[in-house]
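Every read-out reported here was derived from the displayed coordinates using simple, explicitly stated rules and does not represent laboratory data. Because the structure is a prediction, the values reported are computed rather than measured. Here the Cβ positions follow ideal geometry from the backbone for every residue, glycine too, while neighbour counts run over all protein chains shown.
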Amino acid sequence: MNIIKDTMNNERLRNENINSQKVLNKSLEDNVNLFMEFFQDDDTVSVRYFSNQEQGSIKFCIIYIDGMVDPETANRNIIKPIIQSTFPKNFEVNMDVVLEQIVSANHAEKLCNVDELVVRILRGESVLLMDKSDEAITVCTKGWKSRSVSEPENEKVQRGPKEGFVEPVLVNLSMIRRRLPTPSLKFKKIVIGVQSKTDVYVCYLDNIVNKQILNELLKRLENVSYDGIFSSGTLGELIEDSPYSIFDTLGSTERPDTAASLLLTGRIIVLADGSPTALTLPFLFEEYFRANEDYYINFYFSSISRLIRILSFIITVLAPGLYVAILTFHQEMVPTPLLYSLSASREGIPFPTIVETLGLLFVFEILREAGLRITLQIGQSISILGALVLGTAAVDARIVSAPVIIVVAISGLTGMMTLKIKGASIIIRLMMVLLAGFLGLYGMVFGIIAIVLHLCSLRSFGVPYLLTLTSLKPEEIKDTAIRAPIWFLEKRINFIAGENKEYIGERE
Amino acid sequence: MNSLKKLLTLLYVFLFIMLFTACWDYREVDRLTIVAGIAIDKAYDDDLLLTFEVADLLGVKSEQPIKSVLIESRGETFMSAIRNTLSKDNPRLYFGHTMVAILSREIAEEGAMKVIDLLLRDGEPRLNINLFVSEEKTAGELFKYKPSLTELSSVELTNILDEQENLAKALPVPAYKFVNAVTAEGISAVMPSLCIIENAEGKTVKVCGTAIFKEDRLQGFISGEDTFALSFILDEVKGGVIVAKKDSDTGEKKVSLEIIESKTDIKPVYSDDKISIEINIDVKTFLNENMSGIDLKGEDKRAELKKCAEEQMNERIEELIKKVQEGYGADIFGFGNCVYKNIPEIWKEKKEEWDKIFRDLEVTVKTNIEIKHLGLLSEPIKIGD
């Protein structure tokens, strides 16, 4: 299908001009009509005719879409110069003169392909037409309201920069550029989306990136054919290594500082216009348990936080399964007094343990989903309703036993610690409960083996998913479950970085 | 086609994994009747009469303690007695958490292995079930006297054994240890014995001594004080109190020494075709209580006390050995085992006649009691006028 490639590439543009049938002609009226054909039934398109105050015979016309352009810029850079300036004495109908001497915008271009011009108008540029000229000038007057830069909700830090990505991609690029003012930082633009024509930027550090990974990424991006890319998540699903896996083989971040530090490791960042989430790749399993704050605080504390995150992932995935397995198959494993109290609390409960556990897990997911999609104020009352009313009432009515509520609550709470892996952990947790219900711990062991095997088989852009967890090389395991002090992290991971494998070797 | 084959293979693998495995059965925990203790008696017609102490969990709220319920059942064998409970209104008994098994005197005299066999053979009961012998008429009646602190007698009995590391007046004997002792060469088995005593609030059950077995048959009982001496010989002392008595002009004076650490070394000596045993006991203690009023600050006074305590200890141990040699002839101290381990060639010769040799075996006991410190008071409290 038709993918509009790099429009800044002049050579390709000229080819398209030749191929296109619709070209401007010398009549202003005809040209305007040509555009209006495209914008039939679209009342946001504005057309304004005007001329120079001295040479009124030469008509000009500007076409743009209301709301997409900044009126101030259009007035100051196009309309005002043309009306007020003194035209050269020997002014003939020549767009080059207008472009070079009159229009005062910093970003303007001369084009004659109508299709291309229409795309430019749709993207917020203004097109200036002149009577008796078969060329047009498109001026960048983009200007629409967007969210201001704020701290991302999902990746909060206590200590560290509070800036987060926003929707306009150029703002995001500037945030990365400000952190890495080096000419080796490259932003490669690819336009993806048949309808959305989304600008997608691939950012990398030229002197560190692994060229094989970069080429593979560019190849995959060029092969993408999809109607609309509105979030980098959609794009991620289209270029992932193992799209059927429950684990992500692409990372994501909303923080420019995280993005910049990942660039320094040799990773590649993909930013899509209109999406405040950047994709990072290659992505390793262990990165689920990282937070950028780990590098801003004392390494003892960040190591503890990481260990807690890993532990809580294990708990959230295994706790309900372990409860079911031990309570229904391996009663001899429970300490005697605990068994008495568990047995007493299950007295009179009508459902088998596994049904009870599955039911409560389901209720917990409902509460979570309900709390996620509604406003903050009602969200609190949902949790009160869910936790207090449902929980205590269910126990009092002897519909569920109290230990199950504790186990599910612990599982849910620890799940909140590693939000990025939430999707996978819900599925694994469910699988573990079912296996535990059928086969006890024996079944759970098989489930764990299956997951580990699956994780071992995954790759992210050719890099083994468990690289840092199965390695014995010091440079690959220094920054995993425990973050070593910054000065120990002197080498980049071999697989990920292509060149310049030492962090501080270049400095002397 | 290929992918279908793959899928089928995968299905087979999962089927095998799921179905062709060892025992797996799904039991709801509230359907189990958790047996805490078993008492084994003999019914009048040679059947076994079992009394199970189970925890009654029906309608238990978190604030209330667990109550115990006794279930009685009869059968020709242990297993049939267990299964016969099903014909009453009890759900299946669960032995995974059984803590104690009490044998009646009659059963123990006939041979304990007969009934212990099931405990070891079956998958559910643990190998570390604590075994007891009842000194009373039956074993089942012991469950009828409620312990003073906990609700379940079995829990109380287990707690009593756990606390022995501060007392050393009873020897915990888990089922596996009993069987080891019965099957090993040159050692006879023991079990703690239970009796009913008068407490401040009615009657209660107490561990009152040790039952002595020969092979697996009960021979008799020794008292708790004797068990204390026995613990020293068997090197099972982890704590406890040695009371040293000192005679003086004003009557008997007593001092308590708390044991920190104790180590026993048994050595067989073979000379002139005669086996004798040397027991060396090293005890580290500290002075815990001084009822005597003797000022122990001086080196000589302490040496005097030490000598006194050592002599009394030797006396107690020798007395016990003599009692067992003459009264029961069962080598519960494992002297034969010691010979077997240290001089096996002699053991081979003497194995057959060991019972006879044991009866007049010469045993020398050497005790070394070290007094590490005198507690927080270095001098006795002087009573002012």
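Taking Lys and Arg as +1 and Asp and Glu as -1, the other residues whose beta-carbon sits under 14 Å from that of B:Glu215 total -3. Each of A:Tyr295, B:Tyr340 was scored by other Cβ atoms within 10 Å of its Cβ. Listed from fewest to most, they are A:Tyr295, B:Tyr340. If I fit a long axis through the Cα atoms of helix B:224-233 and take the longest principal axis of the Cα atoms of chain B, what angle between them do I get, 0 to 90°, rounded to 10? Value to nearest ten degrees: 90.
If a spin label sat at a point 7 angstrom from the Cα of A:Ser261 along the line to its beta carbon, the backbone N atoms of segment A:480-497 nearer than 16 Å would be those of A:480-493. What is the distance in Å between the Cα centres of segment A:218-237 and segment B:206-243? About 81 Å separates the Cα centre of segment A:218-237 from the one of segment B:206-243.
Residues whose amide H falls under 5 Å from that of A:Val191, counting only those 5 or more places apart or on a different chain, are A:Asp6, A:Val200, with hydrogens built in the peptide plane.
FRET efficiency for A:Leu453 and A:Asn494, Cβ-Cβ distance as r, R0 = 25 Å, nearest 0.05? Efficiency for this residue pair is about 0.55. B:Glu136 to B:Phe16: FRET efficiency via 1/(1 + (r/R0)^6), r the Cβ-Cβ distance, R0 60 Å, to the nearest 0.05? In this case the efficiency is close to 0.65.
Of B:Lys146/B:Lys238; A:Lys145/A:Lys420; A:Lys22/A:Lys197; B:Lys42/B:Lys177, which sit over 26 Å apart, Cα to Cα? From the list (B:Lys146/B:Lys238; A:Lys145/A:Lys420; A:Lys22/A:Lys197; B:Lys42/B:Lys177), the Cα-Cα distance tops 26 Å for B:Lys146/B:Lys238; A:Lys145/A:Lys420.
The gain in end-to-end length when the A:Ile399 to A:Ser242 segment is fully stretched comes to 52.4 nm, 0.36 nm per residue minus the alpha carbon separation.
Spin-label pair A:Asn223-B:Ile381: with each label point 7 Å from Cα along the Cα-Cβ axis, the two points sit 9.2 nm from one another.
Rounded to the nearest 20 debye, the dipole magnitude of the protein assembly as shown is 2520 debye, with +1 charges on Lys and Arg beta carbons, -1 on Asp and Glu beta carbons, and the Cα centre as origin. Here segment B:183-202 and segment A:135-207 have alpha carbon centers that stand 82 Å from each other. Annotation: the residues A:Arg255, A:Arg306, A:Arg220, A:Arg373, sorted from fewest to most other C-beta atoms within 10 Å of their own C-beta, follow the order A:Arg373, A:Arg220, A:Arg306, A:Arg255.
By the rule of a C-alpha distance below 18 Å, with chain neighbours fewer than 8 residues away ignored, the aspartates and glutamates paired with B:Lys348 are B:Glu185, B:Asp272, B:Asp273, B:Asp331. If the label point is 7 Å along Cα→Cβ of A:Val93, which residues in segment A:129-171 have backbone nitrogen under 16 Å from it? A:129-137, by backbone N distance to the label point. Taking 0.36 nm per residue of separation and subtracting the current Cα-Cα distance, fully stretching the chain between B:Lys67 and B:Val241 would add 59.2 nm. Computed extension gain for B:Ser271 through B:Asp295, at 0.36 nm per residue and net of the alpha carbon distance, reaches 4.1 nm. For chain B, a Gaussian network of Cα nodes joined below 10 Å ranks B:Phe14, B:Phe228, B:Phe358 by mean-square fluctuation, and the top entry is B:Phe14. Taking the 0 to 90 degree range and rounding to the nearest ten, how far is the long axis of helix A:299-328 tilted relative to the main principal axis of chain A, both from C-alpha atoms? The two axes meet at around 60 degrees. Which FRET efficiency, nearest 0.05, do A:His107 and A:Ala409 yield, Cβ-Cβ r, R0 45 Å? Taking R0 as 45 Å, the efficiency between A:His107 and A:Ala409 is 0.20. Once you reduce segment A:301-370 and segment A:443-508 to the center of their Cα atoms, the two points are 32 Å from each other. Taking Cβ atoms as reference points and 13 Å as the exclusive limit, the residues near B:Asp226 contribute a net charge of 0, counting Lys and Arg as +1 and Asp and Glu as -1. Structure remark: mean-square fluctuation, Gaussian network model of chain B, C-alpha springs under 10 Å; the largest value among B:Arg359, B:Arg31, B:Arg217 belongs to B:Arg31.
Relative to the dominant Cα principal axis of chain B, helix B:153-162 is inclined by about 40°.
Taking every residue in B:32-43 and counting other chain Cβ atoms within 10 Å of its Cβ, the average works out to 1.
For A:Gly160, neighbours were defined as the other residues whose beta-carbon sits under 9 Å from its Cβ, and their charges (Lys and Arg +1, Asp and Glu -1) total +1. Inter-chain Cβ neighbour count for A:439-451, averaged per residue, equals 2 (cutoff 10 Å, partner chain atoms only). With a simple spin-label model that places each label point 7 Å from the Cα along the Cα-to-Cβ direction, the separation between B:Ile346 and B:Glu109 comes to 3.7 nm. Dipole of the protein assembly as shown computed with +1 at Lys/Arg Cβ and -1 at Asp/Glu Cβ about the Cα centre; of A:Ala291, B:Ser80, B:Ile369, farthest Cα towards the positive end is A:Ala291. Ordering B:Cys338, A:Cys203 from the fewest to the most neighbouring beta carbons within 10 Å gives B:Cys338, A:Cys203.
Inside 10 Å of the C-beta atoms of A:330-339, what's the mean count of C-beta atoms belonging to other chains?
5
Between amide H atoms placed 1.01 Å from N, distances below 5 Å from A:Val69 occur with A:Gly143, all of them 5 or more places distant or on a separate chain. Which of the pairs A:Lys189/A:Lys501; B:Lys263/B:Lys341; A:Lys59/A:Lys80; A:Lys156/A:Lys478 have their Cα atoms more than 21 Å apart in this structure? The answer is A:Lys189/A:Lys501; A:Lys156/A:Lys478. In this label model, A:Phe362 and A:Lys211 are separated by 5.7 nm, measuring between points 7 Å along each Cα→Cβ vector. Amide H contacts under 5 Å for B:Gln219: B:Ile212, B:Phe213, B:Lys214, restricted to partners 5 or more places along the chain or on a different chain, H placed in the peptide plane at 1.01 Å from N.
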